[in-house]
Amino acid sequence: MPIRILSWNIYYGNVNGLTPVQRLNQIAVIAEQNNVDLVFLQEHPGSGSQFVDANGLLTGANIPNGYQYSVFPEMAGNIANRVSASNRAYAVLSRNTCALGAPAYFQQNSFIQQVGSALRCPVTYQVVHNLTTYNFFNWHNEVGNMATFGMNAFTHLPLPQNTILVGDLNLTSAQINGYAFFNHWDDVVVTTPIQGVDHIMSRLACHPVMGGLLNFVSDANHYPIAADVN
């Protein structure tokens, strides 16, 4: 039985007349109505934002019954000389049918440039669903040349079995296809009306789903994307 995943760069501020919590509540309803097992969000407002409470959760979040809501900073607080100084977070909505492991930064030292600037690295979550263990990498990659540096670093690292990479990679499908590393990976990405930079990728089979329900954006044309993976 496949695991159903949704990924979205939710954007950390007000945009298109909606606050972050309104966008969160919108995607949570869609997830519940369509049996989504895991929702991975990038650019969730981080600690200290006007939008979050003392636990870093969005004030006014309306999480459906049967789901858990957790957040994790995009970078560890003890890292200096960051490429991006933003104080944002990752968020996950997980159904109770998924056993979600504790998040961890993936090989942060591999995402530091020679000049010493630290890039965002992926954050890993081990998930058990229907007796199958998956290793999810939720990633808000940097932009421009930094995105290329980050992806180059990622493709040189050993990955566990059943790896699924989700997030805002800030690279298009054409750019991703330039990496021989991904020759045997499925890639779910929006290609029309834009060349999207948000992906769900795996060596496992990824089948895009719910496309007609996800025809909306947050900031800068970030469409939600969803897939069944098995």
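The values are calculated or read from the model by the stated rules, or taken from the named source; none is laboratory data. Quick caveat: nothing in here was measured; it's all calculated off a predicted structure. Every residue, glycine as well, gets a Cβ built from its backbone with ideal geometry; the counts of neighbours run over all protein chains shown. When the accessible area is computed, the model is the full protein with side chains, heavy atoms only, and any ligands, DNA or RNA have been set aside. Shrake-Rupley method; radii C 1.70, N 1.55, O 1.52, S 1.80 Å.
Could you check the range 98-118 and list, in sequence order, the residues that are assigned to a loop (DSSP other than H, G, I, E, B) and either of a type in the set (Gly, Ala, Ser) or touching a helix residue (DSSP H, G or I) at 6+ places or on another chain (Cβ under 9 Å) (or both)? First the steps, then the outcome.
Within the range 98-118, the first condition is being assigned to a loop (DSSP other than H, G, I, E, B), and the residues that meet it are 101-103, 106-107, 113-117.
Listed by number, the residues that qualify are Gly101, Ala102, Phe106, Gln107, Gln113, Gly116, Ser117.
Residues Ile112, Ile176: which one is more than 20 Å from Ala91 (Cα to Cα), touching a strand residue (DSSP E or B) at 6+ places or on another chain (Cβ under 7 Å), among the β-branched types (Val, Ile, Thr) and open to solvent by 30 Å² or more (accessible area, probe 1.4 Å)? Full working, then the answer.
Values: Ile176 fails: open to solvent by 30 Å² or more (accessible area, probe 1.4 Å).
Of Ile112, Ile176, the one residue that is more than 20 Å from Ala91 (Cα to Cα), touching a strand residue (DSSP E or B) at 6+ places or on another chain (Cβ under 7 Å), among the β-branched types (Val, Ile, Thr) and open to solvent by 30 Å² or more (accessible area, probe 1.4 Å) is Ile112.
Give the number of residues within the range 1-37 that are open to solvent by less than 10 Å² (accessible area, probe 1.4 Å) and assigned to a helix (DSSP H, G or I).
Looking only at that region, the number is 6.
Starting from residues that are more than 24 Å from Thr19 (Cβ to Cβ) and among the charged types (D, E, K, R), keep the ones in the range 170-225 and report whichever is nearest to the chain's Cα centre (by Cα).
Asp187
If you scan the range 75-97, which residues turn out to be buried (at least 20 other Cβ atoms within 10 Å of the Cβ) and part of a strand (DSSP E or B)?
We begin by selecting, within the range 75-97, every residue buried (at least 20 other Cβ atoms within 10 Å of the Cβ); these are 75, 88-95.
Of everything in the range 75-97, those that are buried (at least 20 other Cβ atoms within 10 Å of the Cβ) and part of a strand (DSSP E or B) turn out to be Arg88, Ala89, Tyr90, Ala91, Val92, Leu93, Ser94, Arg95.
Go through (1) within 19 Å of Ile10 (Cα to Cα); (2) touching a His at 6+ places or on another chain (Cβ under 9 Å) and name the single condition Asn230 misses.
Unmet for Asn230, out of (1) within 19 Å of Ile10 (Cα to Cα); (2) touching a His at 6+ places or on another chain (Cβ under 9 Å): (1).
Name the single residue that is farthest from the chain's Cα centre (by Cα) among those in the range 133-163 being among the aliphatic types (A, V, I, L, M) and open to solvent by less than 20 Å² (accessible area, probe 1.4 Å).
Result: Ala153.
Name, by its number, the condition in (1) surrounded by fewer than 16 Cβ atoms within 10 Å (Cβ to Cβ); (2) part of a loop (DSSP other than H, G, I, E, B) that does not hold for Cys121.
Going through the list (1) surrounded by fewer than 16 Cβ atoms within 10 Å (Cβ to Cβ); (2) part of a loop (DSSP other than H, G, I, E, B), Cys121 breaks only (1).
Working only within the range 82-132, note down all residues that are under 18 Å from the mean Cα position of the chain (by Cα), at pLDDT 95 or above and farther than 26 Å from Asp37 by Cα.
Of everything in the range 82-132, those that are under 18 Å from the mean Cα position of the chain (by Cα), at pLDDT 95 or above and farther than 26 Å from Asp37 by Cα turn out to be Gln107, Gln108, Phe111, Leu119.
Please work out which one of (1) of a type in the set (Val, Ile, Thr); (2) surrounded by 19 or more Cβ atoms within 10 Å (Cβ to Cβ); (3) over 14 Å from the mean Cα position of the chain (by Cα) is the condition Val166 fails and give its number.
Exception for Val166: condition (3).
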